[in-house]
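Down below is the structure, laid out as structure tokens.
Derivation of every value follows stated rules applied to the coordinates shown; laboratory data play no part. Computed from a predicted model, the values in this text were never measured in an experiment. Heads up, the Cβs are rebuilt from the backbone with ideal geometry, glycines too, and the neighbour counts pull from every protein chain shown.
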Amino acid sequence: MADSGSRTLRIREFPIEENPPKNYLNHERGLMSWLFTLDHKRIGLMYLASIVIAFFLGGMLAVGLRTELWTPAGTFIDADTYNHIFTLHGVIMVFLFIIPSIPAALGNIFLPIMLGAKDVAFPRLNLASFWVYSLGAVFALYSIAHGGVDTGWTFYTPYSTETGSAVISMTLGAFIMGFSSIMTGVNFIATIHKMRSPGMSWGRMPLFLWSLYATSIIQVLATPVLGITLLLLVMERALGIGIFDPALGGDPVLYQHFFWFYSHPAVYIMIVPAFGIISELITTFSRKVIFGYWAIALSSLAIAFIGFLVWGHHMFVSGQSELSSVVFSFLTFFVGIPTGIKVLNWVTTLYRGSISLKTPMLYAMIFLILFTIGGVTGIMLGALSVNVHLHDTYYVVAHFHYVMMGGTVFAFLGGLHYWWPKIFGKMYNEFWAKVSAVILFIAFNVTFLPQFVMGSQGMPRRYFNYIEEFQVMHQISTVGSWMLGVGFIIMAIYLVHSLYKGEKAPSNPWGGRTLEWMTASPPIHHNFEHTPVIIHGPYDHHKPIREFRLGIAGSDNGHGHHTNGDGAHTEEVESGDQTGSR
Amino acid sequence: MANNSGAAEKEAHLAHHFVDSEQQFEASKLGMWVFLVTEILFFGGLFVAYIVYRSWHPDLFEQAAMTLDTTLGAVNTGVLIVSSLTIVLAVRAAQINDQRQQLIMLGSTIALAITFMVVKYFEYASKFEAGMLPAGLYTYEGIEHELAPVFYSIYYMLTGLHGIHVIIGIGLISWLMVNAAKGTYHSGYFTPIEIVALYWHLVDIIWIFLFPLLYLIE
Amino acid sequence: MSLHHVLPLKTMIGTAVALFVLTILTVAVYYIDFPDPLNTIVALGIATVKAALVCMFFMGLYWDTKFNTLVLLSSLLFFLIMIGIILLDTLFRDAPFQIYG
Ligand code: HEM
Ligand SMILES: [Cu+2]
């Protein structure tokens, strides 16, 4: 909306109707009302269900891998199957779970609400993105049924052009899922730019939205390159076009450039939305304005940008020129700066806050610990000389699990618990939620800390057997993975239980200040009965809460009419930072 | 799900979640520009492959470019330029509520796009016949360079992907014509024409670069 | 170009004519022999001007909000980052990096 004009709006407080009988979950019924819905909340929920299934599948595979590693020789899986399983684990976790996890599921549900909009800018594109994602998943499943893939999730040439497995269908699946990711990105950028409600200036946008904005930018700029890379790989296999295949005069290192030009930024597609959730959790549960709003907001953009300059740190031993290795190593250290800025701002926000350690906050604390370990080990890996020793060892495996699982997954869980009452209108059992969080935290470290040690001692990744010296540590790690399984089972039980037996959730169980807490739990179909008007920052906990529930006064504003469902839209809303009142 | 507010007749196109037509138009256009960015980077990957291989083997590119027909390339450049003009005039026709001109201009754009593809077809056919195929299938013997097949791979990937975009464009513009015939577009609402036109111009721009990069190397 | 801006006919036709002239120019230049890198630079320079004309007038960036231009330019920036850094590798594959001699 235009920032022009400072016309005075007539506003008033809109009280929240607690637990309205009609909400987005039940206002229409039947399978079709879900599959063809244009409601961002329902689409988000379908995404949520899909990624939970993906996470379950990927998790089962992981436990299988860890169990195989119980003994130094083959335990119950042969080497070839092992290669298939770790590839599947990686592909499922990266493309089917973690990339869509926070943006497409939680982001979809909350982005419009937090902006005060009725929906994303392009609801049909949003639905299409979900269907395209599902189509990609079908391709992935097809590949599993037709021979599987044993290249690793990175599909490096020349192995990927030679192996007998179903590389074409799998890469096509990833290619298709890339489109879905692009669609989400385009949609979110347009939504954030054009769909803000009156008074929602950039400086009043919740930090979760800033992080989704930065993420969308990365998705839009990086994913097309993955698309062309995978397309070239498919052509390489199908026709032998010789661009990446050394047997035909091609250059496999060029493939790695293409791949990592996407995939390093992609790790920020995974982590930046997690940063956004952490910002929300930390302020809400400290009852305090966030420290360094702009520093956090802009560092997301800085990370998005710098993330495009460092991809070659995955290629130090690939045979790229020494000059580029040195440059990449140098640039890699810069990524740590905006990331460090964020962590310090979060910690400073905690200082003298009135902290309440509810489950979501517990996850935020876990995130701070684990992500910091993951990030710092990343910097260590970025040092060229150190990397030559550690490349392709368990040290790298531990590093990226600390950032991807310790960072993104734990932030996702924090967000899931934070918004669970809003999404489903039910409270979960706080005691069991905390028990499971603590188990997951301990289990995670039991699983992955030993991998740092093994890795630095030379245990290579992607092997199904190993020398006996490593057995103790592998066994500790395997026990940890089983404990992780237990933690997740507990979580599944109490979450499902809450859906049936949980207490009804109030509209604002945690005392948040952002707009999603200013509507019912679960929200009504059009999010708000009124057009919200924002006059305070998103974390102004010192201001009275009723000043966060304002909307345009008058009855002709959008979807205020129960009687005819879709109301008229004739009024002109000129937004501007000055709303004239207070 | 109702998408039309039905508030006033001329607002029938306004989706329920927008405040007004202006917001809808601006949002759609921004969305399209962002999409064009993804298109540019999609082709960008191929241009990178092109640049890397050309920097490695300048002599190969010079020799191989000789096998491409400059005249046909130039003709197709002209064809696309005119088609860009016709589609922009279709937008203008909608802005001034001239339905007949809208249809004429959209129709001409399709005709020009088809012309482009026909020319491409003849180009491809003569290349195929001579055995200048992508690397795995390459049989031509006129070029003394062991990486000659890779040049043709890059050539076919670039022009082929561009051709696919032209075909998609033909589909989109045909869809516009169907709607235009029903009188869907007028000065208050022409977002789809505007959006497809943006796409079509991008297809033109890509060719503007492909032409000198492939046909005019010496 | 807002919803209410009608595209000026003369400008559109003028743009098309300019594009034609530049196309002829680029073919003509092809037959002139410049010293080596200059050829490519001229050809790409002309193509860039043509693309800019299309963007400004056909695509309406000239009248549009500046943000859309920024969006377009960002794609160029990131393309340049990609090719620029990749060339740091591909052009220097055999050159050992020496600081200490
Ligand atoms: C402080 C920021 C970070 C730095 C400096 C960093 C650095 C690195 C380096 C140098 C490697 C290459 C190790 C090798 O293969 O030899 C690596 C691998 C990896 N990193 Fe990070 N990283 C950072 C953050 C992240 C984040 C946030 C994620 C994901 C959420 C991530 C995911 C990965 C993955 C998946 C790999 C392994 C890829 C593979 O080979 O399969 N990293 N990181
Ligand atoms: Cu990286």
Yes/no for A:Ile85 being within 16 Å of ligand 1 (Cβ to nearest atom) and β-branched (Val, Ile, Thr) = yes
note = Selection from the range B:53-72 of residues under 15 Å from B:Thr159 (Cα atoms) and within 9 Å of chain C (Cβ to nearest Cβ) yields B:Thr70
query = Does A:Gly378 count as within 12 Å of ligand 1 (Cβ to nearest atom) and in contact with a Phe, Trp or Tyr (Cβ under 6 Å, 6 or more places away or on another chain)?
reply = no
inquiry  = For the range C:6-45, give me the residue count where each residue is more than 8 Å from every other protein chain (Cβ to nearest Cβ), under 29 Å from B:Leu89 (Cα atoms) and outside any helix (DSSP H, G or I).
reply    = 1
task = Can you tell me which residue within the range A:324-345, out of those that are under 21 Å from A:Pro273 (Cβ atoms) and touching a Phe, Trp or Tyr at 6+ places or on another chain (Cβ under 8 Å), is surrounded by the fewest Cβ atoms within 10 Å (Cβ to Cβ)?
result = A:Val343
query = From the list A:Tyr402, A:Tyr363, which residue is crowded, with 23+ Cβ neighbours inside 10 Å and within 14 Å of ligand 1 (Cβ to nearest atom)?
reply = A:Tyr402
remark   = By residue number, the members of the range A:310-323 that are surrounded by fewer than 22 Cβ atoms within 10 Å (Cβ to Cβ), within 11 Å of chain C (Cβ to nearest Cβ) and more than 11 Å from ligand 2 (Cβ to nearest atom) are A:Ser318, A:Gly319, A:Ser321, A:Glu322, A:Leu323
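Every residue, every condition in (1) within 21 Å of the chain's Cα centre (by Cα); (2) surrounded by 20 or more Cβ atoms within 10 Å (Cβ to Cβ), yes or no:
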site	(1), (2)
A:Ile92	yes, yes
A:Leu106	yes, yes
A:Leu135	yes, no
A:Thr151	no, yes
Counted residues, the range A:230-245 - those being facing chain B (nearest Cβ under 8 Å) and in a loop (DSSP other than H, G, I, E, B) = 4
query = Tally time: how many residues in the range A:195-225 are assigned to a helix (DSSP H, G or I), crowded, with 24+ Cβ neighbours inside 10 Å and not β-branched (Val, Ile, Thr)?
reply = 13
message = Take the residues in the range B:167-193 that are at the interface with another protein chain (Cβ under 9 Å from one of its Cβ atoms) and surrounded by fewer than 23 Cβ atoms within 10 Å (Cβ to Cβ); name whichever of them is nearest to the chain's Cα centre (by Cα).
response = B:Thr191
Residue within the range A:146-157 that is touching a residue at least 24 places away in the same chain (Cβ under 8 Å) and within 14 Å of chain B (Cβ to nearest Cβ) present = yes
request  = Any chance you could count how many residues in the range B:52-76 are crowded, with 16+ Cβ neighbours inside 10 Å, part of a helix (DSSP H, G or I) and of a type in the set (A, V, I, L, M)?
outcome  = 5
message = Take A:Ile77 and tell me if it is under 28 Å from A:Leu440 (Cβ atoms) and in a helix (DSSP H, G or I).
response = no
message = I need a count of the residues in the range B:132-178 that are over 28 Å from B:Leu36 (Cα atoms) and small (Gly, Ala, Ser).
response = 4
ask   = Just checking, how many residues over the range C:51-90 are among the aliphatic types (A, V, I, L, M), under 20 Å from A:Val220 (Cβ atoms) and more than 7 Å from chain B (Cβ to nearest Cβ)?
value = 8
request  = Being in contact (Cβ under 8 Å) with a residue 12 or more places away in the chain and within 14 Å of chain C (Cβ to nearest Cβ) is the filter; apply it to the range A:282-309 and report the residue that is farthest from ligand 2 (Cβ to nearest atom).
outcome  = A:Leu301
task = Kindly indicate the residue of the range A:310-334 that is within 14 Å of ligand 1 (Cβ to nearest atom), over 19 Å from C:Ile83 (Cβ atoms) and without any contact (Cβ under 8 Å) to a residue 40 or more places away in the chain and also nearest to the chain's Cα centre (by Cα) among those meeting that condition.
result = A:Phe334
